[in-house]
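As structure tokens, the structure follows; a few thoughts come after it.
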Amino acid sequence: NFHFFEIRPIERKSNCIKGIFTDLDVSWEITDVTFNEGAAFTAETFNTTLMVLKLNKKIPVFTMEKEGVFEKMFDRVMAYTGYKDIDFEMYPNFSNKFLITGKNEAEIQAFFTDDMIQFFENHQIYHLESNGEALVIFDKIKLARTDETIAFIDYGKELATLVNGKIS
């Protein structure tokens, strides 16, 4: 139940691995998905590997991606949903690097703590989306190699640690 897939329904899910970060009580899943964008004869099929972190706490609903990469894809959808670009005045580099959209700006600003912003500035840029209780994370619209899958797990654990407030 993520905004990205509301207009891009997942057709197929394969190569699924699951786990739990037991010390954080956060479950995760990495899977390859196939989805379409467009309708009828203009539909394009895409394959990507994504990670879902199922959190045991409520977080704000938002979408985050690298500025410029997905903007064309998301702008036309976000305009209709009340999502707006959220800037972080104290972190101009972060705001220039990432497009963060959501409805509740105050909650989203509070969620992105100093440690969270530093984490995102110092790690690979992924598309990240929250539905309020889980995060979906993916890189480019492509399938991940084994080393990228291992990096996904490490990234997910670090992020889950930050979200839970247990900074490692």
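Tabulated results
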item	result
Rounded to whole Hz, the Karplus (6.51, -1.76, 1.60) HN-Hα couplings of segment 116-125, x for glycine and proline	5, 4, 4, 4, 5, 5, 9, 10, 4, 8
Under-5 Å amide H pairs with E67, H placed in peptide plane, nonlocal only	F98, L99
Karplus-derived HN-Hα couplings along segment 147-159 (A = 6.51, B = -1.76, C = 1.60, θ = phi - 60°), whole Hz, x at Gly and Pro	5, 5, 5, 4, 4, 4, 4, 4, 4, x, 5, 4, 5
Within the chain, helix-based [θ] at 222 nm, where runs of 4 or more DSSP H residues each add -39,500 (n - 2.57), nearest 500	-8500 deg cm²/dmol
Å² of accessible area per residue within the chain, as computed with a 1.4 Å probe and no ligands counted	54
At 0.692 mPa s and 37 °C, Stokes D of the chain from Kirkwood alpha-carbon radius, µm² per second	198
Hits among aspartates and glutamates - C-alpha to C-alpha of K157 under 13 Å, sequence gap 8 or more where chains match	D23, D25, E29
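The values are calculated or read from the model by the stated rules, or taken from the named source; none is laboratory data. Predicted, not measured: the structure shown is a model, and the values here were computed from it. When the accessible area is computed, the model is the full protein with side chains, heavy atoms only, and any ligands, DNA or RNA have been set aside. Shrake-Rupley method; radii C 1.70, N 1.55, O 1.52, S 1.80 Å.
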